[in-house]
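Written below as structure tokens is the structure these notes are about.
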Amino acid sequence: MRYGVYVPNNGSYGSVRDLVELAECTEASGWDGFFTWDTLTAGGTPVADAQITLAAIAASTDVVTFGALVTPLGRRRPWKLAREIAALAELARGRFVMGCSTGSGHDFAPFPGEVQTAAERAARFVDAMEMIRQFLSGSPIEWTQSERSAGVLGEDPTVLSLKPFLPAPVEPVPFWGGASVQRRFEQKLGPFKRAAKMLDGLFPVGDPWDSRQPITLEEFARAVDYTFEGSPPPEGFDLVACGCTLTGQAETSGPGGFANEGATWWLEVFPNDATPAQIRPLIEAGPPRE
């Protein structure tokens, strides 16, 4: 199992400089990864741009794996996002992870012209993943939108025929998919099935999010079963668990229990009201290896 730190990009963490300094501290303290959110708005609190932050982290660290968990793909132009991924991959030299999801309604609602329904967000996700994979291949792009996706979005099917415009990353960029295990509403299985079919890893969390208990061991096991229906994940597929164990407020199993359920990564989260200055000593103590 590998160990990482996972913090927001808003509120008291809404400073690129602070996030870069935490990433540097994470690397110096023996952790394997540093991950942040990709929140666009946060109720009037400061928000650090995720892609700018990741570029700064790439330039200021040497060995730590990093990424944003997660970016709602329907909120981004696939060709622009692919260009950003290629640039981060070049800077990171194999250390960048692209976290992605369909997003939730609050990711889109404040802005005009955005898709609003879950079906539309899922269609945009599938289209974007198909396009981004081609854009990053270094090969000529020949992509036709499925009739199903076009129908959901109320569009005529789009066709792309382009010469390569991005360098293929020297090392492939892994894509981890965010997926919610519902605690209040009906469970949707689409994000899990798309992760199994299209992605390289799964990052499940409980919904609604609780930093003291982002996912329970039972919820994590359910998420894996939703994804693979009792079959083992393919070789190299990452299963990412997270929890709060370093503050004495843990309400979840430690990393070992999740490792027994197949987790390949443990991400440490912190209380919502903690500040970068408060969590720095916890990070400096090193990962909770078992």
Along each principal axis, Cα extent of segment 1-99, largest first, Å: 34, 30, 24
M129, M98 arranged by Cβ crowding within 10 Å, fewest neighbours leading: M129, M98
Exposure proxy order (Cβ contacts within 10 Å, fewest to most) of K163, K197, K188: K163, K197, K188
Ellipsoid equivalent to segment 157-290 - semi-axes via the Cα gyration tensor, in Å: 29, 20, 16
Debye intensity ratio I(q)/I(0), log10, the chain, q values 0.14 Å⁻¹ (C-alpha model): -1.06
Equivalent ellipsoid semi-axes - Cα gyration tensor, segment 49-197, angstrom: 25, 21, 14
Cα Rg, Dmax (largest Cα-Cα span) when computed across segment 110-191, Å: 15.5, 47
Sequence-separation-based contact order of the chain, relative, with Cα cut under 8 Å and 6+ spacing, percent: 19 percent
Residues R76, R280 arranged by fewest to most Cβ contacts within 10 Å: R280, R76
Net dipole in debye of segment 10-108 [+1 Lys, Arg Cβ; -1 Asp, Glu Cβ; about Cα centre; nearest 20]: 460 debye
Qualifying lysines (Cα of each under 30 Å from Cα of K188; at least 8 residues distant if same chain): K80, K197
Sum of -39500 (n - 2.57) over DSSP H runs of 4+, divided by residues of the chain (222 nm, nearest 500): -10500 deg cm²/dmol
Equivalent ellipsoid semi-axes, segment 1-58, via Cα gyration tensor eigenvalues times 5, rooted, Å: 21, 11, 9
Positive-pole candidate from G256, V159, P208, dipole of segment 156-266, charges at beta carbon: V159
Net charge dipole size for the chain [Lys, Arg +1 and Asp, Glu -1 on Cβ; Debye, nearest 20]: 460 debye
Selection from W37, N9, L73 lying farthest towards where the dipole of segment 1-90 points positive, charges on Cβ: L73
Segment 93-186 - charge dipole about Cα centre, Lys and Arg +1 at Cβ, Asp and Glu -1, debye rounded to 20: 460 debye
Euclidean distance between Cα centres, segment 1-32 to segment 155-208, Å: 24 Å
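All of the numbers you see were taken from the coordinates with simple rules; none came from a lab. Model, not experiment: these values are computed from the prediction. With ideal geometry, Cβ positions are generated from the backbone for all residues, glycine too; neighbour counts draw on all protein chains shown.
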